[in-house]
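Notes follow the structure.
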Amino acid sequence: LVRTLKQPFTIIVFFLQTLTRHRPRPRSQQSQWSRSFPPETPSAPASPEEQAFFEKPSPPPPQPPTQAGPEAAGDVTDRGAAEPVQPAYRERGSERYARPPLGGWRREHEDVILRHGENRPSIGRSRILSNTLDQVLDNSDRRLYGMGWVGRMFGRSFRKSVTHDVEIKEQLDDMEDHRPMFTYWVTTVQVLVLFISIICYGFGPFGVDLQARSGQVLVTSLSLQQVDYMEPANFWFGPRAGDLIHLGAKFAPCMRVDNKIKKEIDEIQNKERETACCIRNDDSGCVQSSQADCSKTISTWKKWTMGDAGPGGRISGSVCGLDPKFCDAPASVHPYEWPDDITKWPICRKTNTQFSVQKNGARDKLAAEHMVCEVIGHPCCIGIHGQCKITTKEYCDFVRGTFHEEASLCSQVSCLNDVCGMLPFYFPDIPDQFYRLWTSLFLHAGVLQLLISVLIQHFLMRDLEKLTGSLRIGIIYIGSGVAGNLASAIFVPYRADVGPAGSQFGLLACLIVEVLNAWPMLKHPNQALCKLLSITLVLFLVGLLPWVDNYAHLFGFVFGFLLSYALLPFISFGKYDRHKKVFLIWVCLAAAWILFICLVLLFYIIPVYDCKICSFFNCLPLTREFCASQNINFKREEPIV
């Protein structure tokens, strides 16, 4: 019974001592199988202490039971009563995981089992515990500084003089190992977001040119009309541009007040101020339109004038299905009277048309003709620029617009809010979705783009995170992506872009910074740098294709370089080199902040709305429709009502 009770306690003691009570050795005795260089590097022979580790311990000679002297008494006081076997026990646990045998981090003698008489755990439990600790303390996949996955792929190697430098080895051994948890988290979120996006919005047209769509649609003239429009295709095999904006893509008009779009909205309101209700003579319906769009043959354009004023002497109107006289909520009463400007009228939530007609007789019925007719058209928000049009629900659905059946005028709806989606604007006419700079990092335009991101993050980002840690790689990844998206929103504001393109170029800059920091350690650093720069140049050329954000590439690379130089662990080759690198760290941090502030000021204070030259760096027009707008383009207009 006593032996059974001692076994769990012995296992716990073995586990704690193995993890916490490592016996430190001088660094000069550490072999080349340490964390600095790969096992292939030549090393010094193992010390006698290490060789004696796997030998079977000989039993100590019996000691006479004589009384110990002062020195022996002091030794017994240090070690404790049951200490004779504990040093070997602790040394075995420490050496077992501190120094691996030749060829990697695995044990050379699998059959070595701890033997401590009656207090040792059983063979099965010892082996299970041993395998568990092997998995916890396994360091076989350690990320070597200056090497990594890219270095191994390009055949990079170290200089022999550096591999034997004690100071450099000490710095390399002091670097911590990290698990790539941020990489796993980001990749998982990106995969889930695209999966949910495709379920909710489906796939858009696939290709590189504009895709035409046509069909017979019922329009406000109560006739079938051939409607033709063009929309850009998505060669990433994913949702449409408008759907990506709904999901949180980078799109400048949703992030700030765009004077160009605001001017278009004001022009629509000015035209709408001169409209009135066009009533069909056969009582088949009515629609809000201008006098030019209302046929004098089959319709009557009911416009209030000074001689035939509306309720309260209003001359702005009439509006089909809307009148302050026949609205109970919100009621037009002092001090909340509806102004003599239909573009400022609210949406009526409750009308009393039938009651007023029955009460006041035929005269009021004639006066309320615009209220009793069947309204054919309502506001429809079309495209990604917030274009509003009074049309039928069938037409609006065909062009994939947002139909507002509750409204009567375009001035009563916020089409830009419909285009942007996500959280509504705090003020209806002031876009404020600045958070799109980082939400777009988790979105992808399609399955192919997601596949590229997963491969880059699995091989590059995961490899770098083992060296830098989750916090540092997270700052580099998010900072490069946000800065790249901000620059893209400045120079190409009317393109909806998604994906961590800027972040990925930030990772590429991180690899270049690592080569610069490890320059004296590498055999051929010039070749390593040229290979990385060549890859960067090729990727910039790929950025000239549509649906690829080259401005995010450029500024993501710049910010990635600055942040990587400031946050990436470095090796110093002397005091002067260390002081120089510390000084450059502060310079890079200050430069990154100053450049980001300049981009913010340029985005809000000095905005760029239409830069023809800037668009050539983002997409090279190889054909006429190669770099077409993401907005839909109509081939013909609706006929007169």
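The values are calculated or read from the model by the stated rules, or taken from the named source; none is laboratory data. What you see is a predicted model, and the numbers here were worked out from it, not measured in a lab. We place every Cβ from the backbone using ideal geometry, glycine too, and count neighbours over all the protein chains shown. Just the protein is used for accessible areas: all its heavy atoms, side chains included, with ligands, DNA and RNA removed. Shrake-Rupley method; radii C 1.70, N 1.55, O 1.52, S 1.80 Å.
Would you check which residues across the range 450-469 are among the polar types (S, T, N, Q) and within 16 Å of the chain's Cα centre (by Cα) and list them?
Answer for the range 450-469, where residues must be among the polar types (S, T, N, Q) and within 16 Å of the chain's Cα centre (by Cα): S453, Q457.
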Which ones in the range 369-403 are part of a loop (DSSP other than H, G, I, E, B) and over 14 Å from I268 (Cβ atoms)?
C373, E374, I376, G377, I384, T392, V399, R400, G401
Hits in the range 524-545 - residues which are touching a helix residue (DSSP H, G or I) at 6+ places or on another chain (Cβ under 9 Å) and part of a loop (DSSP other than H, G, I, E, B)
G543, L544
In the range 209-222, how many are touching a residue at least 24 places away in the same chain (Cβ under 8 Å) and either over 26 Å from T623 (Cβ atoms) or open to solvent by less than 40 Å² (accessible area, probe 1.4 Å) (or both)?
8
Qualifying helices (runs of 4 or more DSSP H) (wholly inside the range 548-639; at least 3 residues being free of Cβ contacts under 8 Å to residues at least 24 places away in the same chain)
575-604, 612-618
For the range 122-230, list the helices (runs of 4 or more DSSP H) that sit wholly inside it and hold at least 1 residues that are at pLDDT below 85, of a type in the set (K, R) and farther than 30 Å from A292 by Cα; which are they?
123-137, 160-163, 166-174
Pull up the range 566-579, narrow it to residues that are modelled with pLDDT under 90 and out of contact with any Ser or Thr (no Cβ under 9 Å at 6 or more places or on another chain), then point me to the one that is farthest from D165 (Cα to Cα).
Y576
Residue in the range 517-535 that is within 25 Å of T187 (Cβ to Cβ) and without any contact (Cβ under 8 Å) to a residue 40 or more places away in the chain present
yes
Would you call I347 out of contact with any Phe, Trp or Tyr (no Cβ under 8 Å at 6 or more places or on another chain), within 22 Å of E267 (Cα to Cα), at pLDDT 90 or above and surrounded by fewer than 16 Cβ atoms within 10 Å (Cβ to Cβ)?
yes
Conditions: (1) at pLDDT 90 or above; (2) more than 16 Å from the chain's Cα centre (by Cα); (3) more than 18 Å from L539 (Cβ to Cβ). F427 meets all but one. Number of the miss?
(1)
If I filter the range 580-593 down to residues being open to solvent by 60 Å² or more (accessible area, probe 1.4 Å) and hydrophobic (A, V, I, L, M, F, W, C), which single residue comes out as nearest to V542 (Cα to Cα)?
W593
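Is it the case, given these coordinates, that D364 is assigned to a helix (DSSP H, G or I), at pLDDT 90 or above and over 24 Å from the mean Cα position of the chain (by Cα)? Step through it out loud before you land on a result.
Values: assigned to a helix (DSSP H, G or I): yes; at pLDDT 90 or above: no; over 24 Å from the mean Cα position of the chain (by Cα): yes.
So D364 does not fit the description; no.
Kindly indicate whether any position in the range 505-527 is of a type in the set (K, R) and over 28 Å from H164 (Cα atoms). Show your work before the answer.
If we filter the range 505-527 for residues that are of a type in the set (K, R), which is where we start, we get 523.
Adding the requirement that they be over 28 Å from H164 (Cα atoms) leaves none.
No - not one qualifying residue is present in the range 505-527.
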Scanning the range 306-326 residue by residue, those free of Cβ contacts under 8 Å to residues at least 24 places away in the same chain and surrounded by 13 or more Cβ atoms within 10 Å (Cβ to Cβ) turn out to be A309, G310, P311, P324
Just checking, which of P239, P253 is surrounded by 23 or more Cβ atoms within 10 Å (Cβ to Cβ) and either small (G, A, S) or outside any helix (DSSP H, G or I) (or both)?
P239
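It is to be established whether one or more residues within the range 282-299 are of a type in the set (A, V, I, L, M, F, W, C), out of contact with any Leu (no Cβ under 6 Å at 6 or more places or on another chain) and at pLDDT 90 or above. Please lay out each step first, then the result.
Narrowing the range 282-299 to residues of a type in the set (A, V, I, L, M, F, W, C): 286-287, 292, 294, 298.
Add one more test, that the residue is out of contact with any Leu (no Cβ under 6 Å at 6 or more places or on another chain), and what stays is 286-287, 292, 294, 298.
Imposing the further condition that a residue be at pLDDT 90 or above reduces the set to 286-287.
Scanning the range 282-299, I find at least one residue that is of a type in the set (A, V, I, L, M, F, W, C), out of contact with any Leu (no Cβ under 6 Å at 6 or more places or on another chain) and at pLDDT 90 or above, so the answer is yes.
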Take the range 594-617 and flag every residue that is open to solvent by 100 Å² or more (accessible area, probe 1.4 Å), closer than 17 Å to A552 by Cα and not β-branched (V, I, T).
F616
Between residues in the range 497-509 that are at positive phi and residues that are open to solvent by 10 Å² or more (accessible area, probe 1.4 Å) and outside any loop (DSSP other than H, G, I, E, B), which pairs lie under 6 Å by C-beta distance while being six or more apart or on different chains?
G499/Q449
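Those residues that are among the aliphatic types (A, V, I, L, M) and open to solvent by 10 Å² or more (accessible area, probe 1.4 Å), I need them from the range 493-510; list them, please. Walk me through it before giving the result.
At the first step, the residues of the range 493-510 found to be among the aliphatic types (A, V, I, L, M) are 496, 498, 501, 507-509.
Hits for the range 493-510 are V498, A501, L508.
Filter the range 143-192 for residues that are charged (D, E, K, R), without any contact (Cβ under 8 Å) to a residue 60 or more places away in the chain and over 24 Å from I456 (Cα atoms); which is surrounded by the most Cβ atoms within 10 Å (Cβ to Cβ)?
Restricting to residues being charged (D, E, K, R), without any contact (Cβ under 8 Å) to a residue 60 or more places away in the chain and over 24 Å from I456 (Cα atoms), the top hit is D165.
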In the range 264-284, residue least open to solvent (accessible area, probe 1.4 Å) [restricted to those that are part of a loop (DSSP other than H, G, I, E, B) and either within 21 Å of D341 (Cα to Cα) or in contact with a strand residue (DSSP E or B) (Cβ under 7 Å, 6 or more places away or on another chain) (or both)]:
T275
Can you tell which of R462, R436 is of a type outside the set (V, I, T) and over 17 Å from G242 (Cα atoms)?
R462
